[in-house]
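This report concerns only the one structure given below.
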Amino acid sequence: MGNPPAHRAKKIFGQNFLHDQGVIRRIITSISPKPGDHLVEIGPGQGAITRELLKATGRLQAVELDRDLLEPLAQACGDLGELHIFNADAMKFDFCQLAEDGNLLRLVGNLPYNISTPILFHLLEQAHCIEDMHFMLQKEVVDRIAAGPGSKTYGRLSVMIQSRCKVSNLFDIGPGAFKPAPKVDSGFLRLTPYKDSPYDITDQARFSGLVTQAFSQRRKTLRNCLKKMIDAEIFEAAGIDPTLRAEQLAVEDFVRLANMACKTA
Ligand code: SAH
């Protein structure tokens, strides 16, 4: 048998394959996979991370959109354990169905950068089925996720993720670790959905709506952005100055405001 033809990386699928063994090792060490873990990889590609995960656990599920990668991937991993690949779009995939045995999922992925934010929002909706998530993302996105109030990068993504997950910004990776090399720096992070959340959000949809609205025009005051949802008395009862801007509020402030809006709705 000869070698299969080399796969040409496809831009539309955001394919930047990891090849730096040192970086792969650091990723695996951070994930610390153990036998019995219910690992699910998003976008396994040619198996750079997949192979190492399989070696550690002997069993892995993966969601890969590019049909052309399925066969080479199965071949590259076949000898290492039980790999089940779903040929599907991670943005629409029902991850919770995989957790029906009650074993929470450990998600891993070097995510396609062009769609990483919608994938993250899709996964947040399924956070109750997830133990933790380790993702490679554009560094700029990692910075936005981890940002705190008062920072320019703090926004809807930061608040929505931090309200559901503990965020650990693990390390940065330069473009040279990938083939082809992306134009931007990357970052690796861990998101751990809260089991006992410090935030008691009474209505998730209302909370999400309020955060979106508050950041819709960053330069405007909360009073202006939230005119339709929050009146002066609620700002006062929540102890929040309505002349502030959204980027100055902590996650718990958004939770308090949204919960109080519920009560009067
Ligand atoms: N994990 C590999 C590949 C990373 S590149 C590595 O580190 O080398 C991103 C991968 O995500 C590619 O394999 C790409 O085909 C896949 N992908 C792109 N869009 C996807 C989607 N919507 N759902 C699932 N996988 C997707």
### Message
Here are the criteria: (1) within 31 Å of the chain's Cα centre (by Cα); (2) more than 18 Å from TYR154 (Cα to Cα); (3) among the aliphatic types (A, V, I, L, M). Tell me which single one ILE234 does not satisfy.
### Response
(1)
### Task
For region 101-124, enumerate the residues that are in contact with a helix residue (DSSP H, G or I) (Cβ under 9 Å, 6 or more places away or on another chain) and either in a loop (DSSP other than H, G, I, E, B) or over 18 Å from LEU191 (Cα atoms) (or both).
LEU104, LEU111, PRO112, ASN114
### Query
Among GLU233, GLU247, which is the only one that is among the charged types (D, E, K, R), assigned to a helix (DSSP H, G or I) and in contact (Cβ under 8 Å) with a residue 24 or more places away in the chain?
GLU247
### Query
Just wondering, is there one or more residues in region 61-72 that are of a type in the set (A, V, I, L, M, F, W, C), within 15 Å of the ligand (Cβ to nearest atom) and in a loop (DSSP other than H, G, I, E, B)?
yes
#### Entry: Test: residue in region 104-111 that is surrounded by fewer than 21 Cβ atoms within 10 Å (Cβ to Cβ) and not aliphatic (A, V, I, L, M)
no
### Task
Could you tell me whether ASP143 is part of a helix (DSSP H, G or I) and either within 16 Å of the ligand (Cβ to nearest atom) or farther than 20 Å from PHE207 by Cβ (or both)?
yes
## Note on the structure
Of the residues in region 128-156, those that are of a type outside the set (Val, Ile, Thr), within 11 Å of the chain's Cα centre (by Cα) and crowded, with 20+ Cβ neighbours inside 10 Å come to MET133, HIS134, PHE135, MET136, LEU137
### Query
Only one of (1) farther than 27 Å from GLY102 by Cα; (2) without any contact (Cβ under 8 Å) to a residue 60 or more places away in the chain; (3) buried (at least 16 other Cβ atoms within 10 Å of the Cβ); (4) touching a strand residue (DSSP E or B) at 6+ places or on another chain (Cβ under 8 Å) is not met by ALA62, so which one is it?
(1)
### Query
Pairs under 9 Å by beta carbon, first residue closer than 19 Å to ARG156 by Cβ in region 103-124, partner of a type in the set (Val, Ile, Thr) and near the ligand (Cβ under 9 Å from one of its atoms), six or more apart or different chains?
LEU111/ILE42; LEU111/ILE119; ASN114/ILE12; ILE119/ILE42; LEU123/ILE42
### Task
Go through ILE201, ILE161, ILE173 for me and flag whichever is touching a Ser or Thr at 6+ places or on another chain (Cβ under 6 Å) and under 24 Å from ALA146 (Cα atoms).
ILE173
### Query
Mind checking which residues of region 87-133 are aromatic (Phe, Trp, Tyr) and within 9 Å of the ligand (Cβ to nearest atom)?
PHE93, TYR113
### Task
State all residues of region 33-59 that are more than 12 Å from the ligand (Cβ to nearest atom) and more than 18 Å from the chain's Cα centre (by Cα); if no residue qualifies, say none.
PRO33, LYS34, PRO35, GLY36, ASP37, LEU54, LYS55, ALA56, THR57, GLY58, ARG59
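For every residue, the table says whether it meets (1) touching a Phe, Trp or Tyr at 6+ places or on another chain (Cβ under 9 Å); (2) not in a helix (DSSP H, G or I).
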position	(1), (2)
LYS183	no, yes
PHE188	yes, yes
LEU191	yes, yes
ASP200	no, yes
ALA205	no, no
THR212	no, no
ARG219	no, yes
ASN224	no, no
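None of the figures in this text is laboratory data; all of them are computed from the coordinates on show. Just so you know, these numbers come straight off a predicted model, no measurement behind them. Note that each Cβ is placed from the backbone with ideal geometry, even for glycine, and that neighbours are counted across all protein chains shown.
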